[in-house]
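This report refers to the structure that appears directly beneath it.
Quick note: the coordinates plus some simple rules give every number you see, no bench work behind them. Remember, predicted model here, so these are calculated numbers, not experimental data. We place every Cβ from the backbone using ideal geometry, glycine too, and count neighbours over all the protein chains shown.
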Amino acid sequence: MRTYELIFVVDPRVSDEDVVTMTQEYKAMITAGGSTITSEENWGRRKLAYPIEKLGEGKYVLLNISSEGGATRLPEVEHRMRQNDKILRYLTVRTDEDLKRAARRKQAAPAASSTPAGSEAARDGDTEGAEPGEEI
Amino acid sequence: MARPRKVFFRRRKVCKFCADKIDYIDYKDVKLLQQFIPERSKILPRRISGTCARHQRFLQQAIKRARHLALIPFTTD
């Protein structure tokens, strides 16, 4: 299973409702490609660290995506974002490998923390191992 | 109080991420990243911050991602 984070910055002149509908469109594209949206965060208006297209602010939207391997529609989604003038920036990051690696390190040195149980189980099919603190 | 001998201590630098057991450096965590971008918004070198090579690498990646999203600046002028 692969997890991705897709974050994009929308022109602040776009109304909140339009941001939502835009997000819906992209979400529909992603789910149509066989992936699921695990969570969604709308950060709202945020000051940009530097002006982009002479704009000082942007509206941030973050999507967490999970996909069962194989093809995703993400390249397509990215392509559409590139063409959309209202999107100032976007970034897709594949997170499962990094999170898994982090979880593995956590397990090696038992520490009370939240391990992403989903990715942990996917790695070795051992759900018991997700909580190293329980065994001690 | 000591004799006039050259005794100077250098504080041992410890990798913040190893100490805090942070294994995934999130590019969205602006507060965390900000600690590693001084005045001119450059990435703080390892030799100053004491970050281990491994974590510096992750940090670098995270900072560059955050810059792209305008969460942190490339430079201050």
- Message: Could you check region B:26-75 and list, in sequence order, the residues that are facing chain A (nearest Cβ under 9 Å) and farther than 23 Å from A:G44 by Cα?
- Response: B:S41, B:F58, B:T75
- Looking at region B:6-77, what helices (runs of 4 or more DSSP H) fall wholly within it and have at least 3 residues that are touching a residue at least 40 places away in the same chain (Cβ under 8 Å), within 12 Å of the chain's Cα centre (by Cα) and within 19 Å of A:D98 (Cα to Cα)? B:53-68
- Task: Could you look through region A:80-109, keep only residues that are hydrophobic (A, V, I, L, M, F, W, C) and without any contact (Cβ under 8 Å) to a residue 12 or more places away in the chain, and pick out the one that is farthest from the other protein chains (Cβ to nearest Cβ)?
- Result: A:A108
